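Contents: one structure, followed by commentary.
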């Protein structure tokens, strides 16, 4: 979380390509250092640094990609970015599984080498094209003073954005049950072994890769607001299917519903934040947004496990539905106002994107 917010803030002052490139570089170097069997005291330093630079890469990379995209193509570009991200995660899992038989050190070395290679490619491209990296951006058309104020808009003073973030954190807490209590419930109530958990997650990853672009085109036609409301509605009812019976089929329906919500909400939220951050401190907006994606692991598993142990799975799923309904209400009008385009004119500005 600290890295994500720091990377976003840093991108306000430093070219995004440098932030993304050097975040990858240092993440790779510190990851490779884990293969050296470091003393325990050093691990307490190196492991957080890997997470710090990994987190810093996310908002800088997202801003780099989306700022470089023409507005009319941003929905598709965001969808393609998500497909590539999920393919990378899948390939990383395969490679880690293949290398772990040789020792965990090789996994860390491979991770470090890939990150450093990505950094070299990104920084090399930045150096090659540094003289002609330009982008036309909108500037509020209400006079110079208004332009300066708009460009300095802080997300911490944007109540609408903060309400959105509260809804995001609640929704991600519900999503997080997929990684913990969902598996416990299947083992206890559906007599499903670990292989079924693997099947369901593989199905989720495969569907994201196959369907994200078609769903993205659907969002282009019907809009971010409809996608957000539909996604929140699906999220609120996803886990309730588990209360319908103990057959594994209900778990499949639950995972399909969660996947559909994920396919709709991820691009809708990203585009709404991008629209809101236009002419404001975009790096800080994306830093907070990215930190939210990472921060749910601080409370989602622990709160979910406590509720599961205290009240049981069926009650937890009703609580998830209630939280999902709260997200729907919080975002119902918030997304509309976040995604409302400002009154702009186009002026050239030098920014760090290809």
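Read-outs throughout are calculated quantities, based only on the coordinates presented, and are distinct from any laboratory measurement. All figures in this text were calculated on a predicted structure; none of them were measured in a lab. Ideal geometry is used to build each Cβ from the backbone, glycine not excepted, and the neighbour counts take in all protein chains shown.
Determine the principal axes of the Cα atoms in the range 2-137, then give the extent along each, sorted from largest to smallest and rounded to whole angstroms.
50, 29, 28 Å, listed from the longest principal axis down.
By count of other Cβ within 10 Å, fewest leading, how are 222, 339 ordered?
In order of increasing Cβ crowding within 10 Å: 222, 339.
Which whole-angstrom value gives the distance between the alpha carbon centres of the range 21-51 and the range 52-115?
17
Bin all alpha-carbon pair distances of the range 142-346 at 5 Å intervals from 0 and give each bin's fraction as a whole percent.
Taking every Cα pair in the range 142-346, the percentages come to 1, 7, 15, 18, 18, 15, 10, 7, 4, 2, 2, 1, 0, 0.
Measuring from centroid to centroid over Cα atoms, what is the spacing of the range 270-306 and the range 174-194 in Å?
Using only Cα atoms, the two centres lie 26 Å from each other.
Among 37, 81, what is the fewest-to-most ranking by other Cβ atoms within 10 Å?
Ranking 37, 81 by Cβ neighbours within 10 Å, fewest first, gives 37, 81.
Quick one: 229, 337, 282, 221, fewest Cβ neighbours within 10 Å first, how do they rank?
In order of increasing Cβ crowding within 10 Å: 221, 337, 229, 282.
Most fluctuating residue of 259, 334, 315 in a GNM of the chain with Cα springs under 10 Å: which is it?
For the chain, modelled as a Gaussian network with Cα springs under 10 Å, the answer is 315.
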